[in-house]
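We did not get these values from a lab; they are worked out from the coordinates using the rules stated. Just so we're clear, the structure is a prediction, and the values are computed from it rather than from any experiment. Note that we place each Cβ from the backbone using ideal geometry, even for glycine, and neighbour counts take in every protein chain shown.
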Amino acid sequence: MKILHLEDELKTAAAVKAFLEEQGIEVDHVDDVPEAKNLISSNKYDVIISDVKLPSGSGIDFCQWLRDQEIYTPVLILSALAELDDKITGLNSGSDDYMTKPFNLRELQARITALSRRYTSVPDRNRAFLHYDDIVMNLRTLEVTRNGENVPLTSREFKLLEYLILNKGRVIPKLEILENVWNLSEEINTNVIEVYINYLRKKIEKPGLNKIIHTHFGSGYILKDE
């Protein structure tokens, strides 16, 4: 496994690099955004770790740049900014996980491994479209249509629908949805999932269209034909 670590605190960077390389993980460390972009243009990484506050730019903007460039490598934000709003901002920028400083190196390794496994477990991650029934998701333009009509979704609604389609036909527990769509299994109450499921239903299950999102009370949700 090979990761890119964007961090301007040299002691933190050195500790992360030494520990992960002892575990057999190759680490490229940079301390500014332009150098990170240069490395990404010529290297393939399994996971990218980035701080938020950097002297050469913002880790949030860097993550958004990656997604704009259609680079879908998992991103883990590693920052001293620990407020819930900071975490939500980081995740909404397109990152896949958020970890606060100070942190445990073993937990960091576990999260890196989980992100890498999740990324490689999805077949053809660079595909342009996802299809289910009469729903078409364009993963590059983030546009959704159902029955040929455009369905405007927020970024969170889009990510939720994508996860439902990727796991169609099985009941998905609420905690799993939190971990994979929000990445905040403890900080956000599971009630937020009900709210976003209702948002999705109102937008993609309009009168005359089949209901496809079903609730398994006490368990979670399943995407299947009515």
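Can you list the residues, at least 5 places off or on another chain, whose amide H is less than 5 Å from the amide H of ILE172, using H built in the peptide plane?
Close amide H contacts, sequence-distant or interchain: TYR221, ILE222.
Pick the calculated Rg and Dmax of the Cα atoms in Å for this structure from [x] 18.5, 60; [y] 16.6, 51; [z] 19.3, 67?
Computed from these coordinates, Rg and Dmax of the Cα atoms in Å corresponds to label [x].
Among bridges DSSP assigns within the chain, what percent are antiparallel (round to 5)?
Values: 18 of 34 bridges.
Counting only bridges with both partners in the chain, antiparallel ones make up about 55 percent.
Once fully extended, how much extra length lies between LEU130 and LYS101, figured as 0.36 nm per residue of separation less the alpha-carbon to alpha-carbon distance? List each step's numbers first, then the result.
Details: separation 29, 0.36 × 29 = 10.44 nm, distance 3.62 nm.
So the chain would gain 6.8 nm between LEU130 and LYS101.
Per DSSP H run of n ≥ 4, the term is -39500 (n - 2.57); total these for the chain, divide by its residue number, and report the mean residue ellipticity at 222 nm rounded to 500 deg cm²/dmol.
On the way: 8 runs with 89 residues, N = 226.
Rounded to the nearest 500, it is -12000 deg cm²/dmol.
Relative to the Cα centre, what is the charge dipole magnitude of the chain, using +1 at the beta carbon of each Lys and Arg, -1 at the beta carbon of each Asp and Glu, and rounding to the nearest 20 debye?
Working: 28 positive and 36 negative charges, 163 e Å.
With only Lys, Arg, Asp and Glu charged at Cβ, the dipole is about 780 debye.
About its Cα centre, what dipole magnitude does region 129-223 give when the only charges are +1 on Lys and Arg Cβ and -1 on Asp and Glu Cβ, stated in debye to the nearest 20? Intermediate values should be presented prior to the final figure.
Values: 12 positive and 12 negative charges, 51 e Å.
The calculation lands at about 240 debye.
Where a Cα-Cα gap under 20 Å defines reach, which lysines qualify for LYS37, not counting those fewer than 8 residues away within the same chain?
LYS2, LYS17, LYS53
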